[in-house]
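Novice: One structure follows; several queries about it will come next.
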Amino acid sequence: QVQLVESGGGLVQAGGSLRLSCAASGLTFRNYGMGWFRQAPGKERELLSGIDWSGRNTYYADSVKGRFTISRDNAKNTAYLQMNSLKPEDSAVYYCAARHDGRPGGWLDEYDYWGQGTQVTVSS
């Protein structure tokens with residue numbers, strides 16, 4: 001049974017930082033591409049960042065480029081999203097997801113497994 005479990009969300013002031021973690025189990029993590037998405041109330045789920053199986057290739061949406069950094073530790077079966085210079089508009093539920101072809105980026109329906117999400121709230 002595949003599980004992706006996000007952690008690290010919470011309440012932070014604008015300009016602050018958070019580090020999200022996504023712990024994976026039940027799959028061969030080193031083969032999977034990983035993505036971080038978010039969904040705010042009334043909005044569609046959007047891809048923020050992706051990383052390929054090796055960690056060498058990454059993707060960032062324009063909205064987070066230069067502020068967020070994705071990484072992974074295949075020995076720990078964990079992906080991370082370091083979020084700096086947070087803004088109130090970054091408030092959302094953040095999800096990690098895994099895709100079996102090992103690629104970064106892509107569309108929602110290209111991801112095979114999803115976590116349950118973690119809330120991030122940025123106060124002004």
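The values are calculated or read from the model by the stated rules, or taken from the named source; none is laboratory data. Predicted model, so just to flag it, every value in this text is computed and none were measured. Every residue, glycine as well, gets a Cβ built from its backbone with ideal geometry; the counts of neighbours run over all protein chains shown. Accessible surface is based on the protein model in full, side chains and every heavy atom, while ligands, DNA and RNA are left aside. Shrake-Rupley method; radii C 1.70, N 1.55, O 1.52, S 1.80 Å.
Novice: Of the residues that make up the stretch 90-108, is at least one out of contact with any helix residue (DSSP H, G or I) (no Cβ under 7 Å at 6 or more places or on another chain), free of Cβ contacts under 8 Å to residues at least 24 places away in the same chain and not β-branched (V, I, T)?
Specialist: no
Novice: Here's a follow-up. Just to verify a result, which residue in the stretch 64-83, among those that are open to solvent by 60 Å² or more (accessible area, probe 1.4 Å) and out of contact with any strand residue (DSSP E or B) (no Cβ under 6 Å at 6 or more places or on another chain), is farthest from V122 (Cα to Cα)?
Specialist: Here the answer is A75.
Novice: Taking the stretch 9-39, which residues are among the small types (G, A, S) and closer than 17 Å to W114 by Cβ?
Specialist: G9, S21, A23, A24, S25, G26, G33, G35, listed by residue number.
Novice: Can you pull out the residues in the stretch 64-96 that are small (G, A, S) and in contact with a Lys or Arg (Cβ under 7 Å, 6 or more places away or on another chain)?
Specialist: A79, S85, A92
Novice: Determine if the stretch 84-92 includes at least one residue that is at pLDDT 95 or above, open to solvent by 50 Å² or more (accessible area, probe 1.4 Å) and part of a strand (DSSP E or B).
Specialist: no
Novice: If a residue must be open to solvent by 60 Å² or more (accessible area, probe 1.4 Å) and either on the phi < 0 side of the Ramachandran plot or touching a residue at least 40 places away in the same chain (Cβ under 8 Å) (or both), how many such residues does the stretch 40-63 contain?
Specialist: 11
Novice: Select from the stretch 48-77 the residues that are touching a helix residue (DSSP H, G or I) at 6+ places or on another chain (Cβ under 7 Å) and not polar (S, T, N, Q) and list them in ascending order.
Specialist: Scanning the stretch 48-77 gives a single hit, W53.
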